1. In segment 192-222, which residue that is free of Cβ contacts under 8 Å to residues at least 24 places away in the same chain and surrounded by 13 or more Cβ atoms within 10 Å (Cβ to Cβ) is nearest to ASN178 (Cα to Cα)?
2. Can you give me the number of residues within segment 34-59 that are more than 25 Å from GLU166 (Cβ to Cβ) and in contact with a Lys or Arg (Cβ under 8 Å, 6 or more places away or on another chain)?
3. List, please: which pairs have Cβ atoms under 6 Å, are six or more places apart or on different chains, and start with a residue in segment 160-178 that is under 24 Å from ALA220 (Cβ atoms) and end with one that is among the polar types (S, T, N, Q) and part of a strand (DSSP E or B)?
4. What strands (runs of 3 or more DSSP E) completely inside segment 147-261 contain at least 2 residues that are more than 14 Å from THR40 (Cβ to Cβ), over 19 Å from the mean Cα position of the chain (by Cα) and not hydrophobic (A, V, I, L, M, F, W, C)?
5. Quick check on this structure: which one of THR112, THR98 is under 30 Å from VAL202 (Cα atoms) and in a helix (DSSP H, G or I)?
6. Count, please, the residues in segment 118-131 that happen to be within 18 Å of ASP191 (Cβ to Cβ) and either out of contact with any His (no Cβ under 9 Å at 6 or more places or on another chain) or in a loop (DSSP other than H, G, I, E, B) (or both).
7. Check off (1) out of contact with any helix residue (DSSP H, G or I) (no Cβ under 8 Å at 6 or more places or on another chain); (2) in contact (Cβ under 8 Å) with a residue 40 or more places away in the chain; (3) more than 30 Å from PHE210 (Cα to Cα) for VAL60 and give me the number that stays unchecked.
8. Step by step: first the residues of segment 59-95, then only those that are among the aromatic types (Phe, Trp, Tyr) and assigned to a helix (DSSP H, G or I), then the one that is nearest to THR48 (Cα to Cα). Which residue is that?
Amino acid sequence: MKSTRVRFGALIAAVALPMLLTGCSKDSSLGRMGFPSPATKEGPTIITLWQGSWIAAGAVAILTWGLMIWAIVVYRRREGDALPAQVRYNVPLEIAYTVIPLVMILGLFFFTAKDQTALTKVTNDNTHTVNVEGWRWSWGFNYVDENVFDAGTPAARPVLWLPVNEKVKFVLSSPDVNHSFWIPAFLTKMDVIPGRHNTFEVTPDKLGTFSGKCAELCGAYHSRMLFDVKVVSRADYDAHIADLKSRGQVGQVETGRTQVAGAAQ
């Protein structure tokens, strides 16, 4: 019996220790539980929700496995034991395993709804607005306030430029089929739906170049619907906008067609 309890304790420790360690640091890959290091001010909120969900799930798993193994070990049938008493129901136990899961689900729903509301709230206190046009099979970026655009093709992926530490509002639209605008390092993804403008705000807080892609299966070349994001200083951002203007990319782009001074090109 003693050796069995030792093995049982070692099993619990082996399961629990990695889970406890993952909560030690949000900066480590293990602590983020598979998520990339967030490059926006909103990212840590998503990391915290993700970690909390896994910690809750791990605690439930440890408790469930522990009770199962404990019952198997302690109440296992031994030689000479009579048939155990047969019972039809246990009201307190049935109430417990109904109420406890309900409380857990309501708790997860509360934290998810709270964070989701905060992350999807559009305050309109952004510094600038970018209209993202997603079509088969590339992207166009309209810098609304500056009235310039940039666009790409599957062979020449477009680049979205953003100034660091400035809130940007994304307005997503599509002229053909459903797409999904996803920047993994921003920990943000939102569908791009024809006939509808989906909107969200983020504040990039890390300089660098990040990958973006379509996360909605949209057709034959879905896998090539890629783009890059450059988060730069305000000076570099202004220089890029000036460069777009010097190249004549003034106006707004839609489905690969540009509207410049009211004329389609």
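The values are calculated or read from the model by the stated rules, or taken from the named source; none is laboratory data. Quick caveat: nothing in here was measured; it's all calculated off a predicted structure. A quick note on method: Cβ atoms are made from the backbone with ideal geometry, for glycine too, and the neighbour counts reach across all protein chains shown.
1. ILE193
2. Residues in segment 34-59 being more than 25 Å from GLU166 (Cβ to Cβ) and in contact with a Lys or Arg (Cβ under 8 Å, 6 or more places away or on another chain): 2 in total.
3. Within 6 Å, the pairs are LEU172/ASN198.
4. Working: elements: 148-151, 159-163, 168-173, 179-183, 188-192, 198-202, 208-214, 226-232, 252-254, 257-260.
Per the criteria, 252-254, 257-260.
5. Going through THR112, THR98 in turn, just one is under 30 Å from VAL202 (Cα atoms) and in a helix (DSSP H, G or I): THR112.
6. Summing the residues that are within 18 Å of ASP191 (Cβ to Cβ) and either out of contact with any His (no Cβ under 9 Å at 6 or more places or on another chain) or in a loop (DSSP other than H, G, I, E, B) (or both) in segment 118-131 gives 5.
7. Just one mismatch for VAL60, condition (1).
8. That would be TRP65.
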